1. When the Cα atoms of the protein assembly as shown are enclosed in a convex hull and the volume is divided per residue, what value in Å³ results?
2. Along the Cα-to-C-beta direction of A:Leu432, a point sits 7 Å from the Cα; which residues of segment B:488-523 have their amide N less than 18 Å from that point?
3. Are there cysteines in chain A with no second cysteine's Cβ under 4.7 Å away, and if so, which?
4. How much net charge surrounds A:Gln341 when only other residues with a Cβ under 15 Å from its Cβ are counted (Lys, Arg +1; Asp, Glu -1)?
5. What does the charge count around B:Glu245 come to, taking other residues whose C-beta lies under 12 Å from its C-beta (Lys +1, Arg +1, Asp -1, Glu -1)?
6. Could you work out, residue by residue across B:74-87, how many beta carbons of other chains sit within 10 Å of that residue's beta carbon, and then give the average as an integer?
7. Using the number of other C-beta atoms within 10 angstrom as an exposure proxy, rank B:Ile268, A:Ile362, A:Ile350 with the fewest first.
8. Fewest Cβ neighbours within 10 Å first, please rank B:Phe327, A:Phe100, B:Phe235 accordingly.
2 protein chains.
Amino acid sequence: MANAPVQRMSQLMAKTLRDDPADAEVLSHKLLVRAGYVRRTAAGIWSWLPLGKKVLSNVERIVREEMDAIGGQEVLLPALLPREPYDATGRWDEYGQELFRLKDRKGGDYLLGPTHEEIFTLLVKDQASSYKDLPVILYQIQHKYRDEARPRAGILRGREFLMKDSYSFDTEDEGLAQSYALHRQAYQRIFERLGLDYRICAATAGAMGGSKSEEFLAPAGAGEDTFADCPNCDFAANTEAISYELKPVDASGVPAAEDIPTPDTPTIETLAASLGVQASATLKNLLVKVDGEIVAVGVPGDREVDMGKVEAHFAPAVVEMVTEADFVARPDLVRGYVGPQGLGEKAGYIADPRVAPGTAWITGANKADTHAKNVVAGRDFEVDEYVDVVVVQEGDPCPKCGTGLKLDRAIEIGHIFQLGRKYADALKLDVLGQNGKPVRVTMGSYGVGVSRAVAALAEQTADDKGLCWPKEVAPADVHVVAAGKALQTELALDVSEKLAAAGLRVLCDDRAGVSPGVKFTDSELMGVPQILVAGRRAAEGVVELKDRRTGEREELTVEEAVARLTA
Amino acid sequence: MANAPVQRMSQLMAKTLRDDPADAEVLSHKLLVRAGYVRRTAAGIWSWLPLGKKVLSNVERIVREEMDAIGGQEVLLPALLPREPYDATGRWDEYGQELFRLKDRKGGDYLLGPTHEEIFTLLVKDQASSYKDLPVILYQIQHKYRDEARPRAGILRGREFLMKDSYSFDTEDEGLAQSYALHRQAYQRIFERLGLDYRICAATAGAMGGSKSEEFLAPAGAGEDTFADCPNCDFAANTEAISYELKPVDASGVPAAEDIPTPDTPTIETLAASLGVQASATLKNLLVKVDGEIVAVGVPGDREVDMGKVEAHFAPAVVEMVTEADFVARPDLVRGYVGPQGLGEKAGYIADPRVAPGTAWITGANKADTHAKNVVAGRDFEVDEYVDVVVVQEGDPCPKCGTGLKLDRAIEIGHIFQLGRKYADALKLDVLGQNGKPVRVTMGSYGVGVSRAVAALAEQTADDKGLCWPKEVAPADVHVVAAGKALQTELALDVSEKLAAAGLRVLCDDRAGVSPGVKFTDSELMGVPQILVAGRRAAEGVVELKDRRTGEREELTVEEAVARLTA
């Protein structure tokens, strides 16, 4: 292919802004808008301007190359999808409000694909008939749609976004493990080539279903995920995915449970203060409705319930908080004084593993103004199911080694799942096995947020001057600045042509009527790795080469500069 | 970039079929499905399998290179769009049922973009403030959505399809003409590189609005467009766009109009037979309702009315045929005997230019069982407006030189429009002019059907054996066939590796348990330009090289074959 022509800024659709957009909360949102890379078209829906599109395409190319390298076959499936396959797996309903649904002119139900497990499953059902046709890895790079309740953070969390999704199909569990391992390696290479700092964390499967899953998280303040890192061992996990072993304790020395009058103690704080105990000695019971049925959730009084975990546990059932009306309808539930003893008939009870069998608690006595002490799990009340529902805190013990965990915010840039046979079961995907009998296929599903990776890169690499792209994803190799009058512009264009002829991608700021100061500021904001300035010494054929990241600068002749940059 | 690995057919997701799909009507649909390039996901919604995706990407690359060459800047706008800009231009309603509309979780109205004039106009309004920021050409390659009433013909006319759309922005009419000319040239280069046979035809602007427009039509029996070609001059036009000059004639010698009894002549045929005249001597008046108001459409009795042209003329008003109920409600309209004389108060009247002032006709007398003769246009009745509404026929005179036209079916593969200021007016797109005053911007809009071009290419290049791709778009350069046992497979893989190492894109049919005959048939069906067979003489290191198009074959040593193919 021919060398790319010099991109002149005088003709480039990339207006830079001095001020942050009013609605921008996170760094990448501010900088990508200010540097003229993206513009908002509607809530959570973005347009990529020329420089943004170049970065996006660079990320896309890297992802494609690494997917091809593990034998992935690129396909392109529709974004507009019929309802039926999503009904068959239950996801038409399970996705709830996050799914964009629409009707065609004949009244048929369609959706905008949030992920494509169903359609890939049906494709392989059509294409593969024998175990000899497997294993196979199929991938696509395509827009996905999710109607986020609160689209925020610019392109970090849009409602239309570009994703690489791939799917593996195997007949044996070992094959799935191998396809999963191949993806894990490919993702490591992708994120390394992109220049992203990332961690591989244990994750929950969420709406996707399946068993094993890991997330690739890029630490960044703007991230919506919180992950825990053990300073002592190799444990790292999304806090949503941390689970603790249940450790029963011996309660033989605990006296019988006993009611204690506790007037005016409607909260854990007032209760603990009144009794002179730590909040952690009390048992808090949060009431929720699961598809309309009351369930109590028990956690130590000093911990918060992570409603996301409760919802994930009961999904696809809908979880709601109880209301005033519920207490009116159920006088047997004494507000502020609910305890798990004897709750059996009245409501379900789930509890955090910290409420292990044998642990003793101060908790509500199911009577007004009364609590009970020495209430022992497994003796005085039963737990229907133990579920990790508390919000993980900094310093909580590492589930692997016990050391206090460190918490950080991060952006989810990739996610790999061993789905198993969930989708193959729902859509009856079998192939003929070696013995001539049908074998149910086992699947994996794997995603890279392509547009999100651009934002994550912006977050991690930006400095106080602006964007600062790694070489392989930058929209250009060199940003040539004409800092002066006609002489400088002529030299800038001349050296730009020389660099382009040598195969470099060149952006040249040839704008007339724009001061050198503004051009310098823009060049730093836009973040091309090398900046070449034709300025004061242009008449001598001397230019200044500046490294965007380090700020190091050096005066060179044009020949030296070209030689240096094309080396 | 590294050379692409050899694509082994034993691992490729591309199942060929012996039989045409039951629902396939056109050649490209049949062949692209049979050769394993595409699969149907829903009506008018297609999945691209690995080989199809490669062809699609090749077309995309050529389009991109040629758009870059005319200074186009690639951007990527959303497919999911807010309603408001389309309300401002009226297209939210005008698009009718063809627009996919949907609501988000908050009840906001959205659409799936059919074309993006509105969003590009707003983008440039945000980005450009001065005449110095223009001209600019922006383009994207993106999925578009149209809810076709009868999606048919495979990917020739889908409801989700890949398109390159571009938009030019200029301050002066001459600038628009220049941007238009650049696109015209770029499209010529694109279609030439693709190897498509095409014509540039005058076209109507349709729902897009604007003035000048031309279509790039690829002659093919499966096409939905009909175009007229003059065998004598350079005239070529979509038949929808042909218009004739109005040529008044001298009617001074025509006697006064006179009623004639014509019982039992409800049709033109019975009337002409009963009077012993040609149908062309009679004037047929078709009644339609335009937004509920009756309008008569006058054409010579031997010609058909093209309802599409009538609809286009009155758009966005809705045109319907009159019904039984309308005649009951309007006894003043005598069914079968309507004539334009005195229609003035009762209904509007449009007529074909063939009903020019001074022409004399036999037509209805607005009384039962009665016609009138010597009814002269402009003397006995007035035409509200002359509109080209007849169906163009083979042999109709060329509007330019009068020679009888030749008609052909074709596929619209590109369309270029001079939109003018329609969208800029609706969305108030101004920039500061040289004199410091605001100038309204003038626009062009230009489209290439990327996925449709793949189907058009399949249509034009296929032969009775199957697909037959031009080199630059083919999914591989060479299709190596292992025709035999282990020895042949080993040789095929070995030569494949050598070819891939030399930079060629290689597909190798290494399938075990598939007969040479089936492999030969598949290789012809799949249409890679060069086929290399490791067969009978494999032990001697001799292979057969076959040209897919000509069928010419030659026995060569492996070294000779590699040298030939990599030359």
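The numbers here are math on the coordinates, done by the rules we state, and not lab data. Just so it is clear, the structure is predicted and the values come from calculations on it, not from any experiment. Please note: Cβ atoms are built from the backbone with ideal geometry, for glycine as well, and neighbour counts cover all protein chains shown.
1. Hull volume normalised by residue count: 253 Å³.
2. Flagged as within label range: B:511-516, B:518-519.
3. Unpaired cysteines in chain A: A:Cys201, A:Cys468, A:Cys508.
4. That sum, taken over residues with Cβ under 15 Å, equals -2.
5. Taking every Cβ under 12 Å from that of B:Glu245, the sum is +2.
6. Rounded to a whole number, the mean comes out at 6.
7. Ranked by crowding around the Cβ, least crowded first: B:Ile268, A:Ile350, A:Ile362.
8. Lowest to highest Cβ neighbour count: B:Phe327, B:Phe235, A:Phe100.
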